[in-house]
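Student: Quick one: structure below, then a few questions.
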Amino acid sequence: MPTVPRLSAIKPLLRATRGFFGSFAHYAGLKGWAAGALVGLAAILDGAGLLLLIPIIDAVVASPGKPSRTTMLLEAAGAHTPLVRLAIMLALFVALALVRAVVLYARDMALAHLQSGFVESLRNRLMRRLAAAPWHRVVALRHARITSLMTSEVARISGSAQYLIQGSVAVVMLVVQGALAFALAPLLALATTLLVLFGALLALLAQGRIRDLGAGMVGANIALMGSTSGFLGGLKAAAAQNAQSAFVDEFEMIQREVRARGLSFSQRQASSRRIFSIGSALMGATVITIGFAAGVAPAVLITIVVIFSRMAAPAQTLQMAAQNFFFALPAFEAVQAFERELDGGESVSGVTASAPSGAIEARRVTYIHDGGGGVRDVSFVIAPGSFTGIAGPSGAGKTTLVDLLITLLLPQSGEIRVGDTPLSGDHAIGWREGLAYVPQEGFLFHDSVRRNLSWGSPPLDEAALWQALDFVGAQVLVRALPEGLDTVVGERGARLSGGERQRLAIARALLRRPRLLVLDEATNAIDAASEAALLDRLAALDPRPTIVMISHRAETMAYCDMVITIEGGTIVAR
């Protein structure tokens, strides 16, 4: 039997709830007020429809010798027969229902826009925060965690927003219908309300445990995402060694944990529905008994019963929405924690600084990673328009040095200047505007060749695209594709070979007309003859951007004006 948590255990729950409400309200703004007005109007129209039941019932069951006030008003207006009076009241009821249907449609659409827009803004905000985060924090993140937050957890937040909206609508409906009940039978409504509030307090105290189940689901989803990614990445090696079962065993274990948490939550929901059903039946019987004993008029008593029966649906909706909201609330807390973790990006003034020009000079630069790798006390000068190679064994510090040159990392000591301008703050952003970086993977989007080439560049005409493709030796390849420039290359360029992806990535970089071109093992998948031809063309560019290239091939380094060799984080040769 689950224990009821102490009131102190509710504090974190309320704090997280307040944070979610604040974030949602900040996004909603005036749209939220408009949607709230529609919610209130729909509830009022629903209440008005319930009130019309009283004169309708009076028109049907009222004694001839005791006409009701409504009957007298209708007779004064010329409705002298019960059938005419009933027809008038039913016409009003139908007209009110039609108006309510229109308002309900507008309400539902406004709330749907709020929910989807909130989730979209949250996902975009998370992506912007990730893109603006210091690079040393980004590289330390688990890919599975990022993917899980951007997919599974944001989807759960979407559910939280939906449950928040459903609960808010239910609250408004309960308030309006409760007000009607108080207007018709104050003492009866007061007694019923006190019982409902007591039950609501007990339900609130039980939500802490549900939130704990939801918090465990966040970790389970990350583990599941990591297991899936690892399975796909290592399946080939596992299949080659008949070791697939080890991968599947881990996946099944995590699946069992996710399933167990989901079933535990479902069990709590089922128990709540059972208790609610029993309580609703007892409440209805109590209302009828007390009303009959108090001598409440039949039409009023019938209307009260209808009101309380109508209140059961929004009350149950509120209960279920609360449970689902608190179960999904940890997803929002996880996103907030992730955003706080990413805080601390570079401070900028908002003024776009122009890209500095001149020689690149590193002055006794040191950057040591948490794991111990990096560079120590390195100094060098790279002349404008030169072709510089960076060589050394794996783990020597080559990538760290390049990350410092492109200002993804900032020196822990020493400085890097371009001309007389230190690369930090606004100047670092201006510097990146004038460079192009091509990594080893040659990453491509799941889009057309045209869109992949145009990404990150100013508007380009088709002639410029073909010129760049010709330069990197990919023109024949693209013309042979089914739709030429408009052919979709597949996820991460899956329809192309590694060398073809690298050619397109280099073409995209050249289309930026960069001052600095960084090739980080960007030609290692291209065959030797094609690589030599491409490097010949790069070296012959006039004017030529400053080119910095990492490579393990000695024959590749022969194209460089200067080669910086780094070992153990220090420069051992130039």
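The values are calculated or read from the model by the stated rules, or taken from the named source; none is laboratory data. As the structure is a prediction and not an experimental result, all values here were calculated from the model. Note: ideal-geometry Cβ built from the backbone for every residue, glycine included; neighbour counts use all protein chains shown. Side chains are part of the model used for accessible areas, which takes the heavy atoms of the whole protein and leaves out ligands, DNA and RNA. Shrake-Rupley method; radii C 1.70, N 1.55, O 1.52, S 1.80 Å.
Student: Tell me the residue from Arg503, Arg513 that is surrounded by 15 or more Cβ atoms within 10 Å (Cβ to Cβ) and within 35 Å of the chain's Cα centre (by Cα), please.
Tutor: Answer to the check: Arg503.
Student: Looking at (1) assigned to a helix (DSSP H, G or I); (2) surrounded by fewer than 19 Cβ atoms within 10 Å (Cβ to Cβ); (3) at pLDDT below 85, find the lone condition where Asn124 falls short.
Tutor: Result: Asn124 fails condition (3) only.
Student: Confirm whether Arg495 is free of Cβ contacts under 8 Å to residues at least 24 places away in the same chain and not in a helix (DSSP H, G or I). Can you show your working first?
Tutor: Values: free of Cβ contacts under 8 Å to residues at least 24 places away in the same chain: yes; not in a helix (DSSP H, G or I): yes.
Answer is yes for this residue.
Student: Okay, next question. Under the condition of being basic (Lys, Arg) and modelled with pLDDT of 85 or more, which residue from the stretch 82-120 is surrounded by the most Cβ atoms within 10 Å (Cβ to Cβ)? Full working, then the answer.
Tutor: So the first thing to find is which residues in the stretch 82-120 are basic (Lys, Arg), and the list is 85, 100, 107.
If we keep only those that are modelled with pLDDT of 85 or more too, we end up with 100, 107.
Working: Arg100: 19, Arg107: 23.
Among those that are basic (Lys, Arg) and modelled with pLDDT of 85 or more, it is Arg107.
Student: Select from the stretch 376-427 the residues that are within 23 Å of Asn524 (Cβ to Cβ), open to solvent by 30 Å² or more (accessible area, probe 1.4 Å) and small (Gly, Ala, Ser) and list them in ascending order.
Tutor: Once the filter is applied, which keeps residues that are within 23 Å of Asn524 (Cβ to Cβ), open to solvent by 30 Å² or more (accessible area, probe 1.4 Å) and small (Gly, Ala, Ser), the stretch 376-427 yields Ser394, Gly395.
Student: If Trp455 meets every condition in (1) modelled with pLDDT of 80 or more; (2) surrounded by fewer than 15 Cβ atoms within 10 Å (Cβ to Cβ); (3) of a type in the set (Phe, Trp, Tyr) apart from one, which number is that one?
Tutor: (1)
Student: Residues in the stretch 486-498: is at least one buried (at least 21 other Cβ atoms within 10 Å of the Cβ) and among the polar types (S, T, N, Q)?
Tutor: Quick first cut of the stretch 486-498, residues buried (at least 21 other Cβ atoms within 10 Å of the Cβ) only: 489, 493, 496.
Filter again for among the polar types (S, T, N, Q), leaving none.
No; the residues of the stretch 486-498 include none that is buried (at least 21 other Cβ atoms within 10 Å of the Cβ) and among the polar types (S, T, N, Q).
Student: Does the stretch 127-151 hold any residues that are open to solvent by less than 40 Å² (accessible area, probe 1.4 Å) and part of a helix (DSSP H, G or I), and which are they? Walk me through how you get there before you give the answer.
Tutor: Narrowing the stretch 127-151 to residues open to solvent by less than 40 Å² (accessible area, probe 1.4 Å): 130, 133-134, 138, 141, 144, 146, 148-150.
Leu130, Val138, Ala144, Ile146, Ser148, Leu149, Met150 - these are the residues of the stretch 127-151 that are open to solvent by less than 40 Å² (accessible area, probe 1.4 Å) and part of a helix (DSSP H, G or I).
Student: Give me the residue from the stretch 533-553 that is surrounded by fewer than 16 Cβ atoms within 10 Å (Cβ to Cβ) and touching a residue at least 12 places away in the same chain (Cβ under 8 Å) and, out of that set, nearest to Thr407 (Cα to Cα).
Tutor: To start, the set of residues in the stretch 533-553 that are surrounded by fewer than 16 Cβ atoms within 10 Å (Cβ to Cβ) comprises 533, 536-537, 539-544, 552-553.
Restricting the remaining residues to those that are touching a residue at least 12 places away in the same chain (Cβ under 8 Å) gives 533, 536-537, 539, 543-544, 552-553.
Working: Ala533: 30, Asp536: 28, Arg537: 27, Ala539: 25, Pro543: 24, Arg544: 22, His552: 23, Arg553: 26 Å.
That would be Arg544.
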